[in-house]
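J.: Take this structure, written in structure tokens, and hold onto it; I'll ask about it next.
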Amino acid sequence: MKLMTLDLIVSEEVKYMIESGLLKPGDKIPSERDLSEKYNVQRLTVRSGLQILEDAGVIYSKPRSGYYVANPPIKKIADDIVSTTSEIQSTNNEFETKIIKFTEKEIDKYLYTEMKLPLGTRLYELKRLRILNGEPISMDYSFIPKYVTPGLEKFNFENESLYAVLEREYNVHLKRSEQNIVVIKAEENYCYDLNLTPQDYVVLQSGIVYDQNGQLVEFSETYSKVGYFEYVTKSK
Amino acid sequence: MEYKIPLYIQLKQLILERIADGEYLPGEKIPSEREMAATYKINRMTVKNAVNSLVEDGILYKEKNVGVFVCKKKANRLYTFRNKEKEGEVESSFSAKIQLSGQSIESEVLEKGMVNNRKYVEYKLGLDEGESAYALHRLRKVNRETISLEYCYVPAKFFPDIDDHNFEKASLYAYMEKQNHLPIVFEQKMIVEKARRPFMKPMGLKEDDYVYALEFIGKDAQGNIVEYTQSYLKCDYSIYQFLIESK
């Protein structure tokens, strides 16, 4: 059975041009005719190969103009504890965080199953919408026990990274984290802010971060649009 | 106020880790409540709470007068794909990790052979223009269910007789180790994507299904790039997990 079909091969050759830097974000992809001549394949094959890249968000099409290189996904470091805010800020994108909710609440049954702290423990709930180049790309929920960070309400998390505040103001050193990634159908409490409907899928990254004493510092749930974040690790 | 993690929660974590590591296998009996109380020097009530909690969570089950066992996985359970970094743990690709957790991985080879002049493969393997790579395209199955589709490429120059081997039976890494080019250091990227047409049939996926698209590069002890693999794992019924220790 042929797994590596010609259109996949063409899509990879174009991907090579993009990943190696021959084509940069915003550059126009060579025309169908040029590509079919270069790789000695039919134009239909090229079209199919480019469609694969468009579906994956690697390129986008401008009507009557052709295909262009899309911005690469934001890299999330998956083998170190890094704040999302700083990861997005370090790219060449326009980035904004909007606070949707910042309140105190008590552990309820759902949070208890995730955080395993006693029912009634007071928490901060921070709900942030991440906006990249004007487009909302993820909704981040962070739950932090109040006893870890009393007075957290005085900080402005539209301008600051939560992790930076934890380290700087509360001397919390983030030591260990467990993060789980699943794909689910979008839910009501965030999908419309992301310009999605409940028929669309999102990537849910949920996890717990512990400090150097093994104390739970944060439980988070990030719902992001498919294709915007890439998880990267480099083992030593 | 000082807050310590309650002992029964710590014990729960410990048991869960042992299960994840494959020390306690599905269907196996775990140490008795009395044994655990003695080993960890904690109250039997504490052990009971931890165990009961895991029974409630569906991880353990009790057989009267016999003991406590790890639940055997159900047919449509969750697969956990993991990229794990723990002190002292030997680094390996995720497929080796699934194996470590006590389940067996089977492979079905769909295509194999030499490839030339594929710029993307040359680029990923650090090959010179025109240098050959050996391609191995496989389905990976756990308990006879297809969980991933892999396109694996290795530099032909390090493995001159690779085509003589049958990697449905033999382990690719065992062969690579014999040639002194076992990958021991990995760089990995993972992104969620819509399943592409060529994957759908072999993986039993539908139009709107998603996959975890993984790409990893493996280097051997000398720093040579010896492996470039694209792996597509079903998102359905599975979790991709990262366990992270900060540097």
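The values are calculated or read from the model by the stated rules, or taken from the named source; none is laboratory data. This is a predicted model, so every value here is computed, not measured. Neighbour counts run over all protein chains shown; Cβ positions are idealised from the backbone, glycine included. Ligands, DNA and RNA are stripped out before the accessible areas are found, and what is left, the full protein with its side chains, is counted by its heavy atoms. Shrake-Rupley method; radii C 1.70, N 1.55, O 1.52, S 1.80 Å.
J.: Greater than 24 Å separation of Cα atoms is the criterion. Which listed pairs, A:Lys146/A:Lys234; A:Lys225/B:Lys234; A:Lys24/A:Lys76; B:Lys112/B:Lys157, meet it?
T.: Violating the 24 Å limit, Cα to Cα: A:Lys146/A:Lys234.
J.: Right, another one. Given the rule -39500 (n - 2.57) for each run of at least 4 DSSP H residues, summed and divided by the residues of the protein assembly as shown, what is its mean residue ellipticity at 222 nm, to the nearest 500 deg cm²/dmol?
T.: After summing the helix terms and dividing by residue count, I get -7500 deg cm²/dmol.
J.: Read phi for every residue in segment A:182-190 and hand back ³J(HN,Hα) as whole Hz from Karplus 6.51 cos²θ - 1.76 cosθ + 1.60, θ = phi - 60°, with x for Gly and Pro.
T.: 9, 10, 9, 6, 4, 10, 4, 6, 9
J.: Between B:Val185 and B:Arg197, what length comes free when the chain is fully extended (0.36 nm per residue of separation minus the Cα-Cα distance, one decimal in nm)?
T.: Working: separation 12, 0.36 × 12 = 4.32 nm, distance 3.15 nm.
Separation in residues times 0.36 nm, less the Cα-Cα distance, equals 1.2 nm.
J.: Here is a further query. For the pair A and B, how large is the buried accessible area, both sides, in square angstrom to the nearest 100, if the probe is 1.4 Å?
T.: Approximately 4900 Å² gets buried when A meets B.
J.: Could you size up the charge dipole of segment A:1-145 around its Cα centre, putting +1 on the beta carbon of Lys and Arg and -1 on that of Asp and Glu, and report it in debye to the nearest 20?
T.: 280
J.: Right, next: Using amide H atoms built 1.01 Å from N in the peptide plane, name the residues 5+ places from A:Ile100, or on other chains, whose amide H lies under 5 Å from its own.
T.: For A:Ile100, whose amide H was placed from the backbone, the distant partners under 5 Å are A:Lys127, A:Arg128, A:Leu129.
J.: Okay, moving on. Name the residues whose placed amide hydrogens come within less than 5 Å of the amide hydrogen of A:Tyr201, ignoring near sequence neighbours (fewer than 5 apart) on the same chain.
T.: Those lying under 5 Å, H to H, from A:Tyr201 are A:Ala186.
J.: Compare the peptides A:10-16, A:131-137, A:151-157, B:187-193 by average per-residue count of other Cβ atoms within 10 angstrom and give them in order, highest first.
T.: A:10-16, B:187-193, A:131-137, A:151-157
J.: Sticking with this structure for a sec: How crowded by other chains is A:68-81, given as the mean number of beta carbons from other chains within 10 Å of each beta carbon?
T.: Neighbouring Cβ atoms belonging to other protein chains average 3 per residue here.
J.: With only alpha-carbon atoms in the gyration tensor, what are the semi-axes of the equivalent ellipsoid for segment B:7-70, in Å, largest first? Could you put the intermediate results ahead of the total?
T.: Working: eigenvalues 51, 35, 26 Å².
The equivalent ellipsoid of segment B:7-70 has semi-axes of 16, 13, 11 Å.
J.: So which aspartates and glutamates can B:Lys48 reach, going by Cα to Cα under 19 Å and dropping same-chain residues fewer than 8 places off?
T.: B:Glu17, B:Glu28, B:Glu33, B:Glu35, B:Glu56, B:Asp57, B:Glu63
J.: To the nearest 20 debye, what charge dipole does the protein assembly as shown have about its Cα centre, counting +1 at the Cβ of each Lys and Arg and -1 at the Cβ of each Asp and Glu?
T.: 980
J.: So, one more: With a ≥ b ≥ c the root eigenvalues of the C-alpha gyration tensor of the protein assembly as shown, is it rounded (a/c under 1.5), prolate (a/b larger than b/c) or oblate?
T.: It is oblate, given that a/c is not under 1.5 and a/b is not larger than b/c.
J.: Oh, and also: Sequence-distant or interchain residues sharing an amide H contact under 5 Å with A:Glu218, placed H: which?
T.: Residues meeting the amide H criterion: A:Val209.
J.: On to the next question. How much accessible area per residue does segment A:6-69 have, in Å², with a 1.4 Å probe? Each step should come with its number before you reach the end.
T.: Details: 3490 Å² over 64 residues.
Ligands and nucleic acids excluded, the result is 55 Å² per residue.
J.: Right, here's the next one. What is the Cα radius of gyration of segment A:74-232 over 2.2 N^0.38 Å, N being its residue count?
T.: 1.00
J.: Also: Which whole-percent values make up P(r) of segment A:161-236 when all C-alpha to C-alpha distances are grouped in 5 Å steps starting at zero?
T.: Histogramming segment A:161-236 at 5 Å steps yields 3, 14, 19, 18, 17, 15, 10, 4, 1 percent.
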